[in-house]
Structure formats: structure tokens, C-alpha cells
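Working notes for the structure below.
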Amino acid sequence: MRQLLLFRHAKSSWDDARLTDHARPLNTRGRKAADAMAAEMRELGLAPDVVLVSSARRTLQTLEALQPLEGPPIIEVMDDLYLAPWPAMLDVLRRLPQTARSAMVIGHNPGLHDLALALLGPAGAAMGSAAAQRLAAGFPTGALAEFTLAAPWGQVGEGSGRLVRFLAPRDLPEVAA
């Protein structure tokens, strides 16, 4: 069994209109949410072997907030993940080393949400769990979807994931307050 963590970057700032989308940083709310999600990940024992992160500033700052990750994991910053569609993300996952038990992708919507829905597949969505219903409704900034995968990385595809949990910053008392 493999574990896949899909983490959407935390809330970013639109304050400086001169910045390109790629250069936008996290805002204060995003930093607070990322810190809270990091604490929750540690509490849950979520420790990926490999982290694949988009090269955008906001995803890199989200990763910073999650540090230190237990292990520590191999971290690969990837231009290919910046605003990538879900099939491109799936291709990246299929190239992971088979020795990796757990991987995390820190990326962007709509690709990340679409990837999560593809992994869940129609059968998983039809099961109607509360987590699957929440995931189907959207993938907010700072949210985390945890999947288990029975297939080797090279064979991961549509419907091959089982959603273990879906957690958003607003679920945590320190953020909801």
C-alpha cells in the first residue's frame, strides 16, 4: 500500500498587482492555516518520503510552513507542477521511485482537485462518504487529501485511490476561531 498526500497551497496574497501569478506569496491567513495544517499533519503522523512541489512562490512557502517534515523527505521543486492539469500530475506520480512508500504533491487548482477526483473515480465518489462529498464539493486553499493506493506508482490511474481523509484549515479550531 502506498500513501499519496495532495496538498493545495495555502491562501495567497493579491496585494501587489506588479507580481506575476508565479511570484505571489502567502498572505497572513495562509501562513496561519499552513502552520495549523503542519501541526495537524504531525499529530496524524503524516510523513511523506518524497515531496513534489510546484515552483511557485506560494507553494514553496506552504512547504516551508510544513517543515520540518519527519524523515526528512526527498524534496523536488518542479516547474512542471505549476498550474499543471491533472493528467500531467499523474504522469509525474507515475515516475516516482517504487521504493517510495509515501509521496506528497503541493500544487494548485484546478489540477489538484481534478487529480483527487480522478483518483477517487466514479465508484469512490458514489460511496458517498462525508470526506468524498466534501472533496467533490471543492478543494480549498490549504486543504489536504490523503489517499491510499494499492497500485505501484507506475500504474496509478483513475479510480486507483481510496480517500482516507480530507482536511481543510477551517476544520481546525485554531483556524476556525
Next on the checklist: Yes or no: the stretch 115-122 includes at least one residue that is over 19 Å from residue 154 (Cα atoms) and out of contact with any Cys (no Cβ under 6 Å at 6 or more places or on another chain).
Outcome noted: yes
Next on the checklist: So, restricting to helices (runs of 4 or more DSSP H) that lie completely within the stretch 109-177, which ones have at least 3 residues that are out of contact with any Lys or Arg (no Cβ under 7 Å at 6 or more places or on another chain) and at pLDDT below 95?
Outcome noted: 111-126, 130-137
Next on the checklist: Can you report the number of residues in the stretch 1-16 which are surrounded by 15 or more Cβ atoms within 10 Å (Cβ to Cβ) and over 17 Å from the mean Cα position of the chain (by Cα)?
Outcome noted: 1
Next on the checklist: I'd like the residue in the stretch 17-38 that is surrounded by 14 or more Cβ atoms within 10 Å (Cβ to Cβ) and hydrophobic (A, V, I, L, M, F, W, C) and, out of all such residues, is farthest from residue 173 (Cα to Cα).
Outcome noted: 19
Checklist entry - Filter the stretch 58-103 for residues that are loosely packed, with under 12 Cβ neighbours inside 10 Å and polar (S, T, N, Q); which is modelled with the lowest pLDDT? => result 67
Item to check | Residues (hydrophobic (A, V, I, L, M, F, W, C) and under 11 Å from residue 2 (Cβ atoms)) located in the stretch 131-159 | outcome: 147, 149, 150, 151, 153, 156
Checklist entry - Pick from 107, 138: which is surrounded by fewer than 19 Cβ atoms within 10 Å (Cβ to Cβ), within 15 Å of the chain's Cα centre (by Cα) and more than 17 Å from residue 158 (Cα to Cα)? => result 138
Next on the checklist: Anything in the stretch 40-57 that is small (Gly, Ala, Ser) and either over 26 Å from residue 171 (Cα atoms) or surrounded by fewer than 19 Cβ atoms within 10 Å (Cβ to Cβ) (or both)? List them, or say none.
Outcome noted: 45, 47, 55
Checklist entry - Out of curiosity, is residue 45 of a type outside the set (Val, Ile, Thr) and on the phi > 0 side of the Ramachandran plot? => result yes
Next on the checklist: Report every pair of residues separated by at least 6 positions or lying on different chains whose Cβ atoms are under 8 Å apart, first residue within the stretch 36-51 and more than 13 Å from residue 73 (Cβ to Cβ), second of a type in the set (Gly, Ala, Ser) and not in a loop (DSSP other than H, G, I, E, B).
Outcome noted: 37/65; 38/65
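The values are calculated or read from the model by the stated rules, or taken from the named source; none is laboratory data. Predicted model only: the values in this text are computed from it and were never measured. Because the Cβ atoms are built from the backbone with ideal geometry, glycine has one as well, and the counts that use them run over all protein chains shown.
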